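Shown next, in structure tokens, is the structure this report addresses.
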Amino acid sequence: MSSTIRDRCRTFLSRDEEIRYVFPALSVGPPGMTNFLVVVTGRFVRVLATRMLRADRPVSVYATYPRKTRLGPLLYGPGPLIEVGPMTLEIDEEYAAVVCAADAEVFAPETLPPDPLPDL
């Protein structure tokens, strides 16, 4: 996601929250076909509601879950699906690795590759 979208998402986070991952998602169940941005920080998973025709513009925090919330495993329908709380969200295939990395960071940190530039 672009730095512009990340900056827009930051306005819905507390000052001490650092964005780890951001990806767009489409609700395929309740609350209906709605676009969201899923923002994973060090402490929370936040689901941000977006404008109806502008999925890159968050307007409110729709739901907040603890960081220990598992996003995977990926399910497959028309596209990859994840379940966050009671919601089923469809994501683009390109964000499947992001979901896996977000889960691995909390549930299997030993599987993450070492940081190639730890001093930056």
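Each reported figure results from applying straightforward, stated rules to the coordinates on display, with no laboratory input. Everything quoted here is computed from the prediction, not taken from an experiment. So basically every Cβ, Gly included, is an ideal-geometry build from the backbone, and we count neighbours across all protein chains shown.
Values for this structure:
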quantity	calculated
Failed item in (1) in a helix (DSSP H, G or I); (2) out of contact with any Lys or Arg (no Cβ under 9 Å at 6 or more places or on another chain); (3) surrounded by 13 or more Cβ atoms within 10 Å (Cβ to Cβ), with VAL106 passing the rest	(2)
Pairs, first free of Cβ contacts under 8 Å to residues at least 40 places away in the same chain in the range 13-34, second charged (D, E, K, R) and part of a loop (DSSP other than H, G, I, E, B), C-beta under 8 Å, six or more apart	GLU17/ARG43
Conditions (1) exposed (fewer than 10 other Cβ atoms within 10 Å of the Cβ); (2) small (Gly, Ala, Ser); (3) not in a loop (DSSP other than H, G, I, E, B): number failed by SER14	(3)
Residues satisfying the stated conditions in the range 61-93, i.e. of a type in the set (A, V, I, L, M, F, W, C) and either without any contact (Cβ under 8 Å) to a residue 60 or more places away in the chain or touching a Gly at 6+ places or on another chain (Cβ under 6 Å) (or both)	VAL61, ALA63, LEU71, LEU74, LEU75, LEU81, ILE82, VAL84
